[in-house]
Amino acid sequence: MARRLIRIAIFDDHAAIRQAWMRALASVGGFDVLDGGASASDAIDCGKALLPDLIVLDMQMPGGGLEAVRQLYREAPYVKTVVLSSDDSEHHVSAAFASGAFGFMTKGQPLVSVISDLQAIANGQSQFSAGLARALVSPQGIAAPWREADDPGGLTITAKEEQILSRYGQGLTVGEIASSIGVSPRTVASTFTNILHKLHEHTLFEAALAADDPDSLPGSA
């Protein structure tokens, strides 16, 4: 049985970048590359009309890449969005995930890494990076709703999970994290699995809403 192609569309106001991504994805196989565009409104229209699996969009495109992510999250939740940026700073990464994006990529990312990440995201995994980990454990971070005492959305990160996540955000490897807190590497790996499962069940956008108003979560009515 033939493997289903991942339907994907690229949106960037720089035509050369957009075309380069489209050619690269078409050349490796496994992707059905749809016509993209140059603005947030183009991305929103595509998501609602063509129902792609993935939309990759530039954070700085006309109309605002993150605004497109937020609107697609509300109006076309079946589409997984991936933010593309030349800046992978903690602020940009956390803002992308808090808006509802499933992934964050840099424009200089190697093609083999791009393909692997896009395949993982299409299969329902979030692209989790050290930059996001740093944002998650920041007391001022927009994506740290589990610090709320009442935890209205049910998103609870345990003290051990936060301890491990904090060390990962500092750039430590699994082995280094295990040694620093006196557990086995297997325990660290399984803890990350638990964390990612929680984040997959509650996107950061949903969690941020839940911290303020649990009734505002999609499907809560």
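Observations on the structure shown:
- Of the set (1) modelled with pLDDT of 85 or more; (2) among the small types (Gly, Ala, Ser); (3) closer than 30 Å to residue 162 by Cα, all apply to residue 68 but (3).
- Residue that is touching a Ser or Thr at 6+ places or on another chain (Cβ under 6 Å) and surrounded by fewer than 24 Cβ atoms within 10 Å (Cβ to Cβ), where the choices are 59, 22: 59
- Test: residue in the stretch 2-25 that is within 22 Å of residue 123 (Cα to Cα), in a helix (DSSP H, G or I), polar (S, T, N, Q) and modelled with pLDDT under 95: no
- Tally of residues being touching a residue at least 24 places away in the same chain (Cβ under 8 Å) and in a loop (DSSP other than H, G, I, E, B) across the stretch 88-118: 7
- Verdict on residue 13 being of a type in the set (D, E, K, R) and out of contact with any Pro (no Cβ under 8 Å at 6 or more places or on another chain): no
- One residue stands out in the stretch 28-47 among those that are part of a helix (DSSP H, G or I) and at pLDDT 90 or above: the one that is surrounded by the fewest Cβ atoms within 10 Å (Cβ to Cβ), namely 45.
The values are calculated or read from the model by the stated rules, or taken from the named source; none is laboratory data. Everything numeric in this text was worked out from a predicted model, so none of it was measured. Glycine gets a Cβ as well: all are built from the backbone with ideal geometry, and neighbour counts include every protein chain shown.
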